[in-house]
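The values are calculated or read from the model by the stated rules, or taken from the named source; none is laboratory data. Every value quoted in this text rests on a predicted model; they were computed, and no experiment measured them. Note: ideal-geometry Cβ built from the backbone for every residue, glycine included; neighbour counts use all protein chains shown.
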Amino acid sequence: PTWAPAKDEL
Amino acid sequence: MNLFRLFGDLSHLASIFILLHKIRTTRSCRGISFKTQALYVAVFVSRYLDILWEWVSLYNFVMKVFFIASSCFILYLMKMKYRPTHDPSIDTFRVEFLVGPCALLALIFNYKFTFTEVLWSLSIFLESLAILPQLFMLQRTGEAETITTHYLAALGAYRALYIPNWIYRYFSEGVVDPIAVTAGLVQTALYADFFYVYFTTVIQGQKFELPA
């Protein structure tokens, strides 16, 4: 998987 | 957006309204940890201040504004309006033992070593532990008003529902946020004991009481 921040989450 | 995340957010929203309802109807913030509420203000301000420079969606914007505003409002209610109903002598968790390690973790684990990214990491770590003063207080008093337990259940369900959301996103988008996931798992685990007592007492119509 791509390790990335889920900045669209709260 | 998937249903797990939507219901998680709605649960978070509900928890705030339950807490406001509790304070309003009982005209008291008895049983609520001021330290936990203050930590949530720190969490939301440090994480959601990105509304000033980042646009995700209207949903995201409105929710962020709501959580910053409502957490500040709750702090105001506790510190000003209902101040006499708050007893600091049972709200004794040492917050510095929690902020310190979180700050250290944020400096080590972040997506970029910039001020805003470290702040974002800090807010994630801090959120996972912010409930500790509240749970500590519950442990000390050994019991809680039913409405307070509903608040805690809704708050705990929010991050718990994010876990299936992350699994779903892993399969549908192939993306994993290791910092949020790790902190989210810790956060949910902290509620395990509370949830056990909640489901075996409050849901059965009994009073929430911890065994001595």
**OP:** Quickly run through region B:99-130 and pick out the residues that are among the aliphatic types (A, V, I, L, M), surrounded by 19 or more Cβ atoms within 10 Å (Cβ to Cβ) and under 30 Å from B:His21 (Cβ atoms).
**Re:** B:Ile124, B:Leu126, B:Leu129, B:Ala130
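Listed here are the residues, each with its yes/no results for (1) more than 14 Å from every other protein chain (Cβ to nearest Cβ); (2) touching a Gly at 6+ places or on another chain (Cβ under 6 Å); (3) over 30 Å from B:Gln206 (Cα atoms); (4) at pLDDT below 95.
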site: B:Gly100; (1), (2), (3), (4): yes, no, yes, no
site: B:Phe109; (1), (2), (3), (4): no, no, yes, no
site: B:Leu129; (1), (2), (3), (4): yes, no, no, no
site: B:Leu155; (1), (2), (3), (4): no, no, no, no
site: B:Ala160; (1), (2), (3), (4): yes, no, no, no
Original post:
Out of B:Ser172, B:Ser121, B:Ser89, which single residue is part of a helix (DSSP H, G or I), among the hydroxyl-bearing types (Ser, Thr, Tyr) and at pLDDT below 95?
Top reply: B:Ser89
Original post:
If we scan region B:183-206, do we find a residue that is surrounded by 13 or more Cβ atoms within 10 Å (Cβ to Cβ), in a helix (DSSP H, G or I), within 14 Å of another protein chain (Cβ to nearest Cβ) and touching a residue at least 60 places away in the same chain (Cβ under 8 Å)?
Top reply: yes
Original post:
Taking the stated definitions as given, is B:Ala212 hydrophobic (A, V, I, L, M, F, W, C), more than 19 Å from B:Ile16 (Cβ to Cβ), over 13 Å from the mean Cα position of the chain (by Cα) and at pLDDT 95 or above?
Top reply: no
Original post:
Is it true that some residue in region B:143-160 is closer than 15 Å to B:Pro178 by Cα, outside any helix (DSSP H, G or I) and touching a helix residue (DSSP H, G or I) at 6+ places or on another chain (Cβ under 7 Å)?
Top reply: no
**OP:** Give just the number: which of (1) under 21 Å from B:Gly156 (Cα atoms); (2) loosely packed, with under 15 Cβ neighbours inside 10 Å; (3) within 12 Å of chain A (Cβ to nearest Cβ) does B:Ser57 not satisfy?
**Re:** (1)
**OP:** Name the one entry in B:Ile32, B:Ile68 that is β-branched (Val, Ile, Thr), at pLDDT 95 or above, surrounded by 13 or more Cβ atoms within 10 Å (Cβ to Cβ) and assigned to a helix (DSSP H, G or I).
**Re:** B:Ile68
Original post:
Filter region B:142-165 for residues that are over 15 Å from the mean Cα position of the chain (by Cα) and surrounded by 20 or more Cβ atoms within 10 Å (Cβ to Cβ); which is farthest from B:Ser128 (Cα to Cα)?
Top reply: B:Ala144
